[in-house]
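Trainee: Just passing along the structure, written as structure tokens.
Coordinate-derived values only; no laboratory data. Here the structure is a predicted model, which is why all the values come from computation and not from measurement. Heads up, the Cβs are rebuilt from the backbone with ideal geometry, glycines too, and the neighbour counts pull from every protein chain shown.
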Amino acid sequence: MKRLIVTVVIILTAAILYPGANCLNAADSTTPDSSRTTTIHTENYYNAYGIQISGTQQTTTVTKTTITRNDKTETSTVTTIQNTKMEWRGGSVKVSSITGTSKTTNSDDTSSDTTFTITYSYADGTGKLSGATGTSSTEGTTETGSYKSTTEDTYEIKDGQALRTKSVTTGTNYGKDGTKSGTFSQTTEYTYERKAGTWQIMKEVSTSQSNGVDGSSQTMKRTKIYTRDSTTGVCTKIEQEAEGTQVAVSAEGGKQSYTLSSYKATFTFDEEVGWYMSKEDTKWTAGGSSSSSDSDETEEDSGDED
């Protein structure tokens with residue numbers, strides 16, 4: 001039986017847009033312990049002739065990070081539940097929707113809750129994939145207040161693959177008393193190339209903007225480049241450069257403008273999760289010119305892509 005398999009990557013932008021919402025206050029010399037457990041529950045339904053006519057799959061992933069120092073333990077737990085629904089389309093069972101939730105809780109009483117939905121459409125009669133739409137919403141708390149955001153994803157169908165080409169997030173920050181303290185947004189555009197018979201992501205350009213009601217602001221543009229093996233399509237290296245500006249407001253009401261004068265991103269390969277950014281080093285200079293530098297990557301033998 002021929003089945004359409006659609007690979008979907010959900011990017012939760014809270015860690016970038018809301019500093020402190022989803023991270024631990026790690027000590028300089030302390031390495032956190034992390035663990036991940038994943039369970040997959042699948043139910044398939046068949047007709048009297050043994051042909052599958054529908055199905056559901058629920059994937060639950062729990063990631064826990066722990067740091068113990070000075071006899072005190074700090075924790076962060078992320079629980080993601082993804083529900084995939086499969087229905088009969090064009091003579092076979094195909095993915096019709098993906099819905100889910102992701103909840104982060106930290107020992108410093110900060111948290112975030114995200115819900116997401118991706119819906120696929122198919123042409124009548126032929127059952128060929130014709131479109132996809134994706135949305136998500138996030139609410140979270142920080143040490144200084146809370147935030148809310150929504151994300152809209154745009155997809156393009158190429159050779160039976162649903163490729164996310166653009167993601168737009170907009171949100172609002174609030175103080176402890178519930179008053180509006182600022183707004184933020186992030187737009188990411190994705191570029192693909194055909195590698196090893198499938199379309200693979202090769203570049204991400206992400207622009208984020210935050211504005212405080214006090215006149216403070218920050219704009220960052222990050223460009224991520226993927227290097228892939230031409231035969232297998234497996235990611236072998238990731239590099240990222242950036243440029244940006246910001247305006248800081250002092251307690252006395254004075255304003256100072258800065259530009260990103262130095263930037264370095266370090267990517268590390270892990271056998272379980274693939275490539276991930278393990279360090280981001282930024283230097284801001286008052287009155288300097290915006291620039292970017294080459295990324296640094298850790299050399300590893302990568303058997304799987306991110």
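Trainee: For Thr38 paired with Asp229, estimate the spin-label separation in nm (one decimal), with each label point 7 Å from Cα along the Cα-to-Cβ line.
Mentor: About 1.9 nm separates the two model spin labels.
Trainee: Something else about it: Let's test the formula: R0 of 35 Å, r as the Cβ-Cβ distance of Arg69 and Ile157. What FRET efficiency results, to the nearest 0.05?
Mentor: Given R0 = 35 Å and the Cβ-Cβ separation, E is 0.10.
Trainee: Taking other Cβ within 10 Å of each residue's Cβ, how do Tyr258, Tyr263 sort, fewest first? List each step's numbers first, then the result.
Mentor: Values: Tyr258 18, Tyr263 23.
Listing Tyr258, Tyr263 from fewest to most nearby Cβ atoms yields Tyr258, Tyr263.
Trainee: Also, I was wondering about something else. Just want the ordering: Glu271, Glu139, from fewest to most Cβ atoms lying within 10 Å of their own Cβ. Show your work: numbers first, answer last.
Mentor: Values: Glu271 10, Glu139 15.
In order of increasing Cβ crowding within 10 Å: Glu271, Glu139.
Trainee: Please report how far the C-alpha centroid of segment 228-288 lies from that of segment 199-214, rounded to the nearest whole angstrom.
Mentor: If you average the Cα positions of each part, the centres end up 11 Å apart.
Trainee: How would Asp108, Asp153 line up from fewest to most surrounding beta-carbon atoms within 10 angstrom?
Mentor: Ordered by Cβ neighbours within 10 Å, fewest first: Asp108, Asp153.
Trainee: Sort out for me the Cα centre separation of segment 111-158 from segment 159-175, rounded to whole Å.
Mentor: If we compute the Cα centre of each part, the gap is 7 Å.
Trainee: Using θ = phi - 60° and the Karplus curve 6.51 cos²θ - 1.76 cosθ + 1.60, what whole-Hz ³J(HN,Hα) does each residue of segment 92-98 get, with Gly and Pro shown as x?
Mentor: 7, 8, 9, 5, 9, 7, 10
Trainee: Of Lys203/Lys264; Lys166/Lys264; Lys166/Lys221; Lys94/Lys224; Lys72/Lys148, which ones are farther than 20 Å apart at the Cα? Intermediate values should be presented prior to the final figure.
Mentor: Details: Lys203/Lys264 17 Å; Lys166/Lys264 25 Å; Lys166/Lys221 15 Å; Lys94/Lys224 32 Å; Lys72/Lys148 31 Å.
The pairs that break the limit, which is 20 Å between Cα atoms, are Lys166/Lys264; Lys94/Lys224; Lys72/Lys148.
Trainee: Enumerate the residues in segment 30-59 having an amide nitrogen under 13 Å from the point lying 7 Å beyond the Cα of Ser121 toward its Cβ.
Mentor: No residue qualifies, since no backbone N sits under 13 Å from the label point.
Trainee: I would also like to ask the following. How big is segment 198-249 on each of its three principal axes, counting only the C-alpha atoms and giving the largest first in Å?
Mentor: The principal-axis extents, from largest down, are 52, 17, 9 Å.
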